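Reviewing the structure listed below.
The values are calculated or read from the model by the stated rules, or taken from the named source; none is laboratory data. The shown structure was predicted, so the numbers you read here are calculated from the model rather than taken from an experiment. Glycine gets a Cβ as well: all are built from the backbone with ideal geometry, and neighbour counts include every protein chain shown.
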């Protein structure tokens with residue numbers, strides 16, 4: 001059932017290196033959907049320019065709200081790789097977690113943008129269209 005309220009969702013993204021990263025995100029607004037589509041395909045004079053990757057990163061970053069605990073690590077002040085968290089309540093919290101993802105793992109954000117803004121899929125219904133709404 002599609003629950004029509006604000007909520008956080010998660011998708012697991014497999015990186016090109018084979019790592020899996022759980023990414024939390026919010027649903028995009030209607031305005032963000034329109035903006036994404038306007039930026040993904042642009043027209044300059046008689047040329048159509050495809051900018052899907054740029055739009056995926058820009059809007060993927062806007063809707064990304066966190067990462068799954070333990071999926072990402074970064075060097076600490078001593079140079080040791082330690083787990084990082086996007087949860088302020090976690091002892092592994094890093095306030096710059098999203099900047100680190102954007103700098104070192106942009107494919108994660110791009111994949112999130114492609115997943116969320118790539119469109120919905122329409123499936124064949126179980127009922128005949130003629131029978132719907134007729135009693």
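Just a few scattered comments:
- Pick from the stretch 60-70, criterion in contact with a strand residue (DSSP E or B) (Cβ under 6 Å, 6 or more places away or on another chain) and more than 12 Å from residue 97 (Cα to Cα), ranking: surrounded by the most Cβ atoms within 10 Å (Cβ to Cβ): 63
- Screening the stretch 29-131 for strands (runs of 3 or more DSSP E) wholly inside it with 1 or more residues that are out of contact with any helix residue (DSSP H, G or I) (no Cβ under 9 Å at 6 or more places or on another chain) and farther than 25 Å from residue 4 by Cα returns the ranges 41-44, 47-50, 73-75, 81-83.
- Looking across the stretch 11-57, the residues that are buried (at least 18 other Cβ atoms within 10 Å of the Cβ), over 10 Å from the mean Cα position of the chain (by Cα) and either within 18 Å of residue 86 (Cα to Cα) or modelled with pLDDT of 95 or more (or both) come down to 21, 36, 55.
- Residue 74 vs. criteria touching a strand residue (DSSP E or B) at 6+ places or on another chain (Cβ under 8 Å) and either in contact (Cβ under 8 Å) with a residue 60 or more places away in the chain or surrounded by 11 or more Cβ atoms within 10 Å (Cβ to Cβ) (or both): yes
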